[in-house]
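Okay, structure first, notes after.
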């Protein structure tokens with residue numbers, strides 16, 4: 001059974017629910033699936049980076065924030081300034 005073409009939006013919504021429930025590992029998993037379906041969406045990288053932050057996975061978080069900016073999601077710049085500059 002093939003997934004719907006807009007499955008990425010469903011995964012993103014599921015990730016939001018998990019994040020609000022403080023289930024950050026599940027949020028990361030859902031956002032990873034969204035990214036696999038829509039790899040050009042910088043917002044998904046940003047949101048996954050926030051979940052990584054909550055899991056104290058700074059290297060992963062910063063990589064996602066940088067990817068988000070590279071894809072044009074400029075809101076991730078503030079996260080880079082706050083968490084990724086040493």
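Laboratory data are not the source of any read-out in this text; all were calculated from the coordinates shown. For clarity, every value in this text was computed on a predicted model and none was experimentally measured. Backbone-built Cβ (ideal geometry, glycine too); neighbour counts: all protein chains shown.
Angle of helix 24-37 to the longest C-alpha principal axis of the chain, folded into 0 to 90 degrees and rounded to 10: 70°.
Relative contact order, whole percent, for the chain stands at 22, derived from Cα pairs under 8 Å and 6 or more residues apart. With a simple spin-label model that places each label point 7 Å from the Cα along the Cα-to-Cβ direction, the separation between residue 80 and residue 21 comes to 3.3 nm.
To the nearest ten degrees, helix 42-54 and the longest principal axis of the Cα atoms of the chain are 70 degrees apart.
Using only alpha carbons, the chain has a radius of gyration to Kirkwood radius ratio (Rg to Rh) of 0.98. Computed extension length for residue 70-residue 10: 19.2 nm, one decimal, from 0.36 nm per residue of separation with the Cα-Cα distance subtracted. Compared with the dominant Cα axis of the chain, that is its longest principal axis, helix 7-20 is turned about 60°. Over the chain, dividing the summed -39,500 (n - 2.57) contributions of all DSSP H runs of at least 4 residues by the number of residues returns a 222 nm mean residue ellipticity of -22500 deg cm²/dmol.
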